[in-house]
Amino acid sequence: MNMLLKSAKIVCPENKALHLKKRDILIKKGVVEKIAASIEAPSNVKVVTKKNLHVSLGWFDSGVAFGEPGFEERETISNGLKVAGQSGFTDVLLNPNTRPVPDTSSDVVFLKDRANGSATRLYPIGTLTKNADGKDLAELYDMKNAGAVAFYDFKHQISNPNLLKIALLYAQNFDGLVFSYVEDAQIKGKGIVHEGKVSTTLGLKGIPGLAEELQIVRDLFILEYTGGKLHIPTISTANSVKLIANAKKKRLDVSCSVAIHNLIYTDESLKEFDTSFKVSPPLRGAADCKALIKGLKDGTVDFITTDHLPMDVEEKRVEFDNAANGTIGLESAFGSLNRLLGTEDTIALLTKGRERFGIEAPMFDEGQSACLTLFDPEEDYIFEKERILSISKNSMFLGASQKGKVYGIINNNQTTL
């Protein structure tokens, strides 16, 4: 793949010599050959000129779900990776939300094989326990050798504290990363939304922040005892941010993420009983949103995720109590974050996090493989159904004001432009 990007404004704080400079970028056979103020197009090179063209290192998402195998009606790996690429993501971690779940090395190999040849790279997460049932550890070491980057019973609590203790101890033998979803099932009970004034007004059973925070406290105590590496995905409360900040002061090896929708929407969005807003963890209050954003900016919250979770219409077009949790988020990620945080902060967040999962971070320089996202940060628009590329259309961002358009990616010697 040979390509010349003309007059592209580079957003790359890691390279101070290039950051916020306009440059031509020549790419040959997937490698950045030259970066200069002006480059004459060689023969047999595609010249790319776009309105207000900006370019950054490729974006990374630490948690998406597609469905294949087992739930192809929600999303396939092939189309999911196409959506990710057109949304600006060059690397995604795949949550184990399939049937059967990936709990063996052969399952991990299958997922990697299905992603071969895509511009966006896929990194499977294996389950922590067999069948993700929380009873016995899965084949962690074998899955790690097959390419699994972490271990996670997707959206399920590790209810047995001794199992988490054993997992953290065992995974240290091969530098494995353990995920723990933070929601105490007994405290949650039959709750479906954030416990507060809105849930009371609407007559919906609430999930208190305590359900998340109690689990975090337990997990951090276990981590302090065992050592090892723990990742807490999609935290949602202000107190969770405080707990993780204190753990980091103790130098515990813990990281966490937050879903983009938990930064933008609150439980006030539930007043129309729109099931698109039913997610897990639930949308919380305005004070929680504010604390999560502050945690991102000061580094307590390590990275963001779309928490992209396709659900077919039959699982959403039912009574609110019975609707499945989840929203898609890849297509709306950049426009939402860019409006909320501004371009430089948004790009900084979208390009960080790979190292935590043992993935080599790309570099923006001559002689390096091109791993780039192309975008215009200024275009304003309303996010409408026509912009959804996923098979499933369950997006809570429909009708939202967005800022910033993604042109596509250059990665793996391929492009989605």
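Observations
- Solvent exposure of the chain, expressed per residue, is 41 Å² of accessible area, with all protein chains present and a 1.4 angstrom probe.
- Principal-axis tilt of helix 161-171 within the chain, Cα atoms, nearest 10 degrees: 30
- Using θ = phi - 60° and Karplus 6.51 cos²θ - 1.76 cosθ + 1.60, couplings along the stretch 60-72 (whole Hz; Gly, Pro as x): 10, 10, 8, x, 10, 10, 10, x, 6, x, x, 10, 4
- Our analysis of the chain gives Rg over Rh at 0.96, with the two radii drawn from alpha carbon positions and Rh computed by the Kirkwood formula.
- Computed helical MRE - 222 nm, the chain, DSSP H runs ≥ 4 contributing -39500 (n - 2.57), nearest 500: -8000 deg cm²/dmol
- Cleavage-rule hits, trypsin sites (Lys or Arg not before Pro), the stretch 298-371, DSSP coil, Cβ neighbours within 10 Å at most 15: Arg317
- The GNM of the chain, with springs linking C-alpha atoms under 10 angstrom apart, assigns the highest mean-square fluctuation among Leu292, Leu337, Leu210 to Leu210.
- Using alpha-carbon coordinates, inclination of helix 77-86 to the longest axis of the chain, degrees: 60
- Computed from Cα positions, the angle between helix 286-298 and the longest principal axis of the chain comes to roughly 50 degrees.
- Shape of the stretch 133-210, Cα gyration tensor, a/c cut at 1.5: prolate
- Springs join every pair of Cα atoms under 10 Å in this Gaussian network model of the chain, and among Phe71, Phe375, Phe334 the largest mean-square fluctuation is at Phe71.
- Applying both filters, DSSP loop and at most 15 other Cβ atoms within 10 Å, to the trypsin sites (Lys or Arg not before Pro) of the stretch 31-116 gives Lys51.
- Other residues lying with their Cβ under 12 Å from the Cβ of Gly126 contribute a combined charge of -2, Lys and Arg counting +1, Asp and Glu -1.
- Dipole of the stretch 29-187 computed with +1 at Lys/Arg Cβ and -1 at Asp/Glu Cβ about the Cα centre; of Val92, Phe179, Thr49, farthest Cα towards the positive end is Thr49.
- The chain: most fluctuating residue of Asp103, Asp345, Asp376 per GNM, C-alpha cutoff 10 Å: Asp345
- Charge context of Ile391, other residues only, Cβ under 10 angstrom, K/R +1, D/E -1: -2
- Flagged links, alpha-carbon separation over 28 Å, of Lys112/Lys250; Lys29/Lys82; Lys271/Lys385: Lys112/Lys250
- A Förster radius of 25 Å combined with the Cβ-Cβ distance from Glu268 to Asp298 puts the calculated FRET efficiency at roughly 0.45.
- Mean projected area in nm² (Cα convex hull; one quarter of hull surface) for the stretch 44-149: 8.4
The values are calculated or read from the model by the stated rules, or taken from the named source; none is laboratory data. A quick note: this is a predicted structure, and the numbers were derived from the prediction, not measured. We place every Cβ from the backbone using ideal geometry, glycine too, and count neighbours over all the protein chains shown. Each accessible area value is taken on the protein alone, full model and side chains, heavy atoms only, with ligands, DNA and RNA left out. Shrake-Rupley method; radii C 1.70, N 1.55, O 1.52, S 1.80 Å.
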